[in-house]
Amino acid sequence: MIWRFGLFDSTFEPLLYTHWALLAALGLPLLLGMLAALFPPKRALPVALACVPILASGLMMLSAYDQAGLLRWQWEIADINLSLRLNGLSVLLLLMTQVIGVAAALYTPGYLRLNETGPLARWLWPLIGVVLSALSLIWLATDLLTLYAGLELMGLAAVGMLLLSGKVPALVAGMRYLLLALVGSLTYLLGVALILGHWGRLDLQGLAGVIEPGPVAWFAAALIGAGLALKAALFPLHAWLSPVHENAWTPVSALHAALVIKASLFILLLLWSILLPDTFYAPRVIAWLGLLAIVWGGLLAWRTDSLKTLVASSTVGQLGYLMVAFPLLLGPDIAPLPRALAWEGFWLQLMGHAFAKAAMFMAAGNLILATGESTLKGLAGTSRRLPLSLLVFGIASITLMGLPPSSGFTAKWLLLQAMVLSQQWWAVAALLTGTLLTAAYIFRMFRYCFDETAPRHRYQPLAPGMDLIALTLALIAFALGLLAHFPLELMHGGSP
Amino acid sequence: MNAAWLPLTALATSLLVVVIIFALPEDARRLRTTINLAAAVVKIILVILMVRRVAAGHEDIFSFQVIGGVDFVLRSDALGVMFAGLSSLLWLCTTIYAIGYLEGSANRKRFFGFFSLCVASTIGIALADNLFTFLIFYEMLTLSTYPLVVHNGTKQALNAGRVYLRYTLSAGVVLLLGTVLLYSLTGDQSFSSEEGLGDYLNDHRGLLTLIFALLVGGLAVKTAMVPLHGWLPRAMVAPAPVSALLHAVAVVKAGAFGILRVVYDLFGIELSVELGVITTLAVAASITIIYGSLRAIAQEELKPRLAFSTVSQVSYVILGIGLFGPFGTVGALAHLLHQGLMKVTLFFCAGNYAEELGIHRIDEMDGAGKRMPLTSIAFTIGAFGMIGLPPVAGFITKWYLGVGAIQAEMYWVVAVLVASSTLNAIYFLPIVHRLWFRSGSAHGKGSWPKEQRLGRFETHSWLLLPMVFTALVSLGAGLFAGLPFSPLDWAARVANGEYLP
């Protein structure tokens, strides 16, 4: 086994704790999840204690990156090069995963206690662990095999989490998701097989050197793209998303919408930047679909009567923002300045959306738990009784609407500037339309909440802290707007 | 010495109050009141400190980088502290009034939380030093006023809220587009920069005009310029303190203030004249002035009449810009303050009539002067000011605007001013007449629509004092316009220091 730091042959001496931090980031969630299945925690306190080393590992990786710049680990096992690398982007995504994962874990005991969840509930813990470990692996992976392993682990665990509630609609939605996820994986695997067969290697670094544009690359990219788009619920392959969230437990929804979907998108961008550098049409197609996604997702959310469907459909629309940015990241003839702006805007939007969407699912879950109703109409009068849950929902929505000073705004600003500079006016229109559509469905929901004429309900009190966890996530999404400089600074010079 | 902490603290004080109020329980009434008032006083002190430093020639700047090439900047300049002063003074008055007005009603925590957020946004707007920072607080203002507009939770209020958002959020998108276009063209452009956008005139004339149209168009919605005024009369369903806040201090003024910033600080008046957009602005303002007055006459209820009066009166500020001369500028700036003082007085009065006597319609007001003399005196002062009778503050504005129009040889503006004053008189004088000179046979003492028990004063003292204070200040701003630190004096100082060659 050889250690390599830096891209190729940097002589940086590995810090003593770096390997341990890596090991902890990858293994601890899994390990602690298993442990929790044996001894299910009933309170948030033991969970909080267990989460400390996970967060610490993330921070240590951050400090290691700060000192060393790019980090790279490499193993040679039977002719196959396995490697992991830590660049600015992966540090950011890793930290994001850990914070959201920890928040979801902290939220879980209270949620399980207040819900009649059945005997399977204890298996939620290891599944959360698997998802977090797999995600960390994906952010760090540099070869197609590792990526596939992470993707598959994450996907199966995600399906498992959704099936846990055991209700019939959950099973139906879950099985459909499983089927689609498997189809997605299979398509992805076919693409990978094609690459392996043609170029005979799996590491991205090497592939970037040898891949030349041509039918093989295009076909592989199409297969990989289709598979990942299915998993990421990119329009028009999003239909499975709402039913899944409709029946899922709140912490599961939060993790899924915030992180699981993003991983597929991350891989898609990563691979296309190698397979399809400077291709004109493929990113354009994605972008046009993104435009449709913004409109369609917005309309779905606007029309629905169910709170969870609203939040889930909003994800479909919000992913459109990211898709619209594809031509700026991958397309040809984009000047360096707009490309850099779009690059920053893309990841900021992704992170802001992750935090905000997790917070929003938690707030929605709290509202549903407290009122016992899952429809928008059932929310009448909640502004008086559940102000904190609504405030969290509101702060998260500000990010989703992209209103200042949230991260959604700063991201939109960056993307808009990139689009204006590269004269993609239709993309500008898409983003601005998205803002108004988002506002339309968000305030439609608030309109029900502020209605004081409705009869009073009985409210179930929430476990302490459930609102505060969501509030913390929402505030992170909010604060990333004005403090965007710090995370974006980390990413400079880093491309996938 | 750069006291960067001053603008930052002024903003942080307001934001801190918001956090505290939201964290307090609903029934911590006394503590909330104390914090509200204490913060309002602290903020006035901070603004006075800034005013003194600005008067001595120091501008305090606080800034940090948000993303590459875009900074968040707060700066206390003469125009900024002028607006900050208006909003912090009226915040104190309106807070006192609101505490009295909402006595015993539900959701007060939510109300005061968003109320404070609203004022915090206004301070941010006042002190913002570039368009990016301005936009942040401008949109915050939109969001924080929505819960206030729908505060009552009735169907009517919710509908008004929806209309309000439709207008303001669309306007926000237009403003954002204009801002992004400007940044793409020029990079971060500070309001304090001397150069202006003159360098870009030759190559990008069309684009500059477009940016100007987008920016001013986006801002004009909050300013309620015709035909973008539709949200304002509907938002009248909100409680009286909110109306006062929307009309006098925060929302419409934020729009007008923004247009001042765009014309004077961003484009510069010469470039704006060069682009040929100024005359359009003056014409639009004139149309708004006349149209608003005409619609006001048609209203039978007090608050909608005041609302349309606002539509009309705020555009004096824009009209003043359109005269592009020293007198026009001074008139515009002074009117920003004068209108705020007078309008807030009028809304306090309207709220008092509604609260104490249950009066909403104008034909119910006969003889109310006897029952509520102080309120009626305050109303009369406000109404005379709006008409432009000396010595109330409104006269000063109209005088300056008139002189400015003649100097600019835009004689039609004089006609607009005369017409507007006449129309103002047509819709205000009958009310004054009803108050004082009709005996109110149908509504003798004790037979008002919904009279409250008469206490020591004609109404609750929390409702009375702020109104009396603002009425006196409106009178004083006219009577003592020549003294230093009067609104007119400060307006002239701003104009001299920054915009006049």
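The values are calculated or read from the model by the stated rules, or taken from the named source; none is laboratory data. Since we're looking at a predicted model, the values are computed, not measured. Note that we place each Cβ from the backbone using ideal geometry, even for glycine, and neighbour counts take in every protein chain shown. Just the protein is used for accessible areas: all its heavy atoms, side chains included, with ligands, DNA and RNA removed. Shrake-Rupley method; radii C 1.70, N 1.55, O 1.52, S 1.80 Å.
Observations, loosely collected:
- Residue-averaged beta-carbon neighbours from other chains (10 angstrom radius) around B:104-111: 2
- Each Lys or Arg adds one and each Asp or Glu subtracts one; over the other residues with Cβ under 15 Å from the Cβ of A:MET61, this totals +1.
- Inter-part distance, region A:121-171 to region A:187-253, computed on C-alpha centroids, equals 17 Å.
- Near A:PRO243, once Lys and Arg are set to +1 and Asp and Glu to -1 for all other residues with Cβ below 14 Å from its Cβ, the sum equals +2.
- With the helix formula -39500 (n - 2.57) applied to DSSP H stretches of n ≥ 4, chain A reaches a computed 222 nm mean residue ellipticity of -24500 deg cm²/dmol.
- Here is the tail figure for chain A: Cα pairs spaced more than 42 Å apart come to 12 percent of all pairs.
- Each chain gives up part of its surface: A and B jointly bury about 3200 Å² of accessible area, both sides summed, for a 1.4 Å probe.
- Calculated from backbone phi, Karplus (6.51, -1.76, 1.60) coupling profile of region B:265-270 in Hz, x at Gly/Pro: 9, 9, 7, x, 5, 5
- Going from the isolated chain to the complete set of protein chains, region A:332-347 loses at least 20 Å² of heavy-atom accessible area (1.4 Å probe) at no residue.
- For region A:423-471, the list of trypsin sites (Lys or Arg not before Pro) that fall in a loop by DSSP and count at most 12 other C-beta atoms within 10 angstrom reads A:ARG456, A:ARG458.
- Pairwise centroid distance, computed over Cα atoms, of region B:356-407 with region A:288-311, Å: 50 Å
- Scanning chain A for chymotrypsin sites (Phe, Trp or Tyr not before Pro) lying in DSSP loops with no more than 13 further Cβ atoms inside 10 Å, the longest uninterrupted stretch between such sites is A:9-279.
- Note that chain A presents 36 Å² accessible area per residue, ligands and nucleic acids not counted, probe 1.4 Å.
- Model label points for A:TRP426 and A:ARG385, set 7 angstrom from Cα along the Cα-to-Cβ axis, are 4.8 nm apart.
- Dipole of chain A, positive direction: furthest Cα of A:HIS485, A:LEU180, A:GLY465, with charges on the beta-carbon: A:GLY465
- Listed by chain and number, the lysines whose alpha-carbon sits under 27 Å from that of B:LYS398, ignoring those within fewer than 8 places in the same chain, are B:LYS222, B:LYS253, B:LYS303, B:LYS343.
- Rounded to the nearest 20 debye, the dipole size of chain B about its Cα centre is 1920 debye, using +1 on the Cβ of Lys and Arg and -1 on the Cβ of Asp and Glu.
- Peptide A:482-491 shows a mean partner chain C-beta count of 3 within 10 Å per residue C-beta.
- For residues of A:402-410, the mean tally of beta carbons on other chains within 10 Å: 5
- Protein heavy-atom surface of the protein assembly as shown, 1.4 angstrom probe: 67% of the accessible area is carbon and sulfur, with nucleic acids and ligands not counted.
- DSSP loop GluC sites (Glu not before Pro) with at most 16 other Cβ within 10 Å: longest gap in chain B: B:301-408
- Centroid-to-centroid separation of region A:367-434 and region A:15-40 [C-alpha atoms, Å]: 34 Å
- Expressed as a fraction of 2.2 N^0.38 Å, the C-alpha radius of gyration for the protein assembly as shown is 1.00.
- Per residue, in Å², the accessible surface of region B:277-353 once ligands and nucleic acids are set aside, probe 1.4 Å: 19 Å²
- Across region A:364-381, computed HN-Hα scalar couplings (Karplus, 6.51 cos²θ - 1.76 cosθ + 1.60, θ = phi - 60°) run 4, x, 4, 4, 5, 4, 6, 8, x, 10, 10, 9, 5, 4, x, 7, 3, x Hz from first to last residue, x flagging Gly and Pro.
- Per residue, in Å², the accessible surface of region B:371-440 once ligands and nucleic acids are set aside, probe 1.4 Å: 40 Å²
- In summary, the lysines within cross-link reach of B:LYS155, defined as a Cα separation below 16 angstrom excluding same-chain residues under 8 places away, comprise A:LYS377.
- Across chain B, the longest run free of exposed loop sites, meaning trypsin sites (Lys or Arg not before Pro) lying outside DSSP classes H, G, I, E and B with no more than 11 other Cβ atoms within 10 Å, spans B:1-444.
- Cβ-Cβ FRET estimate between A:GLU116 and B:LEU15, R0 fixed at 45 Å, reported to 0.05: 0.60
- Across region A:228-322, the fraction of Cα-Cα pairs farther apart than 22 Å, rounded to a whole number, is 27%.
- Around B:VAL150: net Lys/Arg minus Asp/Glu count, Cβ-Cβ under 11 Å: +2
- Spin-label pair A:PHE486-B:THR34: with each label point 7 Å from Cα along the Cα-Cβ axis, the two points sit 3.4 nm from one another.
- Shown in residue order for region B:481-487 are the 3J(HN,Hα) couplings computed by the Karplus curve 6.51 cos²θ - 1.76 cosθ + 1.60 at θ = phi - 60°: 4, x, 6, x, 6, 6, x Hz (x for Gly and Pro).
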